[in-house]
Amino acid sequence: TMNNVKSLVLDKIRKVGSARAIDIVKASGFSRVYVSRILAEMCTEGSIVRIGKSHQTKYVLATAEAFASAKKGINSFVGGFMRVGLHEDFVFSQIQKETGILDGIGENVLNILRWSVTEMINNAIEHSGSEKVWVKMKRSEDVISFTVTDQGVGIFNKIRNAFGFPDEISAVQHLLKGKQTTDEKQHSGLGIFFTSKMLNRMSIESGEKEIIFDNNIGDVFVKMVLPHLGTVISGAVKLNTDVSPKKVFDEFTNHDTFEFTKTKVLVKMYKLGRNLISRSEARRMLFGLDKFETIVLDFKDVNTVGQGFADEVFRVWQNIHTNTKIEYENANEIVLAMIGLSKKE
């Protein structure tokens, strides 16, 4: 009987290219447990290979061609991993081995995904305290998307507590600057900053806030969401993107020392009311930025800034931090006038 089942499996595979346990159960009349045992034995003997996970699991002949062609048909991956002892590169290589998601994509896209997914898993491993980390990845016609989820302390909550910020939005703003980390010894705080520049779209959801980096339109948004535990980071990269990790690193690193020396700050994220008026808003925005050689302030969607704000940034802070160069872009004429006034003083 066991041999009959084995013949049944091989016949099925030869006819349609693959077999699933449920097909063999139906055709043989044997129980799921018994059939699974035989399939496992055939895998051990080396006559067939198992491919895919859970409901996608199927068996193909143990030849390189059969394996490659079966793998090609698997365009999604879902896995839950125990956080303790997990290595971030393990998950990525599993996706590469077991699915067709990463087959035939441009090297820049592969490198963006490798950097982003491993960095985000690494954050969950080292910072979240969650029991498990869940990773999903999916390929559609022109985009590969992924999510990394944990049920730990929550990224904004962790930053808020580490720096003693009064609220979650201050933690969100702080995270956006790059190079800000709750653990200086272990971490440079580069992961999220660079990832948010490489992907076409990225979102970080934690507590009651979601940050969305939309590089298709070059903007960042913060939304209120229903409160939940842990952190969910989602990303998507277009298969035809011309971005590469190297391009992003080149834009923000010093070419002599290869250090992360430049950051870009979207000024509108620091508005408390409708306009940026006060010195305290300026100080909050600049907190922690003395780590950089160059700061680019992007005044997109900022209608006006107050004299106090401009003075604090371009005169007071600049005079104290002479090793940091402040550049700016997308400033309208009102903002330019205020910057001009503060530089004259």
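The values are calculated or read from the model by the stated rules, or taken from the named source; none is laboratory data. Here the structure is a predicted model, which means the values were calculated and not measured. Heads up, the Cβs are rebuilt from the backbone with ideal geometry, glycines too, and the neighbour counts pull from every protein chain shown. These area figures cover heavy atoms from the full protein model, side chains too; ligands, DNA and RNA do not enter into them. Shrake-Rupley method; radii C 1.70, N 1.55, O 1.52, S 1.80 Å.
With respect to being within 25 Å of residue 150 (Cα to Cα), touching a helix residue (DSSP H, G or I) at 6+ places or on another chain (Cβ under 9 Å) and open to solvent by 50 Å² or more (accessible area, probe 1.4 Å), residue 111 fits the description. Annotation note: Cβ proximity below 8 Å between a residue of the stretch 84-98 that is more than 13 Å from residue 124 (Cβ to Cβ) and in a helix (DSSP H, G or I) and a residue that is modelled with pLDDT under 85 and open to solvent by less than 40 Å² (accessible area, probe 1.4 Å) (sequence gap 6+ or interchain) occurs for 98/51; 98/52; 98/71; 98/74. Across the stretch 30-55, the number of residues qualifying as surrounded by 15 or more Cβ atoms within 10 Å (Cβ to Cβ), closer than 19 Å to residue 17 by Cα and not polar (S, T, N, Q) comes to 10.
May I ask you to list the residues in the stretch 207-256 that are of a type in the set (S, T, N, Q) and open to solvent by 90 Å² or more (accessible area, probe 1.4 Å)? Please lay out each step first, then the result.
Restricting attention to the stretch 207-256, the residues satisfying the condition of being of a type in the set (S, T, N, Q) are 215-216, 231, 234, 240-241, 244, 253-254.
Result: 240, single match.
Candidates in the stretch 311-345 are the residues that are of a type in the set (Val, Ile, Thr) and not in a helix (DSSP H, G or I); of these, the one that is surrounded by the fewest Cβ atoms within 10 Å (Cβ to Cβ) is 322. Scanning the stretch 179-225 for residues that are outside any helix (DSSP H, G or I), at pLDDT 85 or above and small (Gly, Ala, Ser) gives 203, 206, 207.
Is it fair to say residue 49 is in contact with a strand residue (DSSP E or B) (Cβ under 8 Å, 6 or more places away or on another chain), under 16 Å from residue 97 (Cα atoms) and of a type in the set (Val, Ile, Thr)? I'd like the intermediate steps shown before the answer.
On the way: in contact with a strand residue (DSSP E or B) (Cβ under 8 Å, 6 or more places away or on another chain): yes; under 16 Å from residue 97 (Cα atoms): yes; of a type in the set (Val, Ile, Thr): yes.
Criteria met by residue 49.
Between 146, 165, the distinction of being touching a residue at least 12 places away in the same chain (Cβ under 8 Å) and not polar (S, T, N, Q) belongs to 146 only.
Residues in the stretch 76-107 that are within 23 Å of residue 43 (Cβ to Cβ) and more than 19 Å from the chain's Cα centre (by Cα): 97, 98, 99, 100, 103.
Of the residues 232, 243, which is in a loop (DSSP other than H, G, I, E, B) and at pLDDT 90 or above? Being in a loop (DSSP other than H, G, I, E, B) and at pLDDT 90 or above holds for just one of 232, 243, which is 243. Within the stretch 194-217, the set of residues being under 14 Å from residue 269 (Cβ atoms) and either touching a residue at least 40 places away in the same chain (Cβ under 8 Å) or aliphatic (A, V, I, L, M) (or both) comprises 204, 209, 211, 212. Only residues that are touching a residue at least 24 places away in the same chain (Cβ under 8 Å), within 12 Å of residue 59 (Cβ to Cβ) and in a helix (DSSP H, G or I) were counted across the stretch 15-40, and they come to 4. Under the condition of being farther than 18 Å from residue 283 by Cβ and buried (at least 19 other Cβ atoms within 10 Å of the Cβ), which residue from the stretch 161-178 is modelled with the highest pLDDT? That would be 168. Report yes if residue 76 is surrounded by fewer than 18 Cβ atoms within 10 Å (Cβ to Cβ), within 25 Å of residue 236 (Cα to Cα), in contact with a strand residue (DSSP E or B) (Cβ under 6 Å, 6 or more places away or on another chain) and not charged (D, E, K, R), otherwise no. For residue 76, the condition - surrounded by fewer than 18 Cβ atoms within 10 Å (Cβ to Cβ), within 25 Å of residue 236 (Cα to Cα), in contact with a strand residue (DSSP E or B) (Cβ under 6 Å, 6 or more places away or on another chain) and not charged (D, E, K, R) - is met.
Residue check: is residue 313 modelled with pLDDT of 80 or more, aliphatic (A, V, I, L, M) and touching a Phe, Trp or Tyr at 6+ places or on another chain (Cβ under 7 Å)?
So residue 313 does not fit the description; no.
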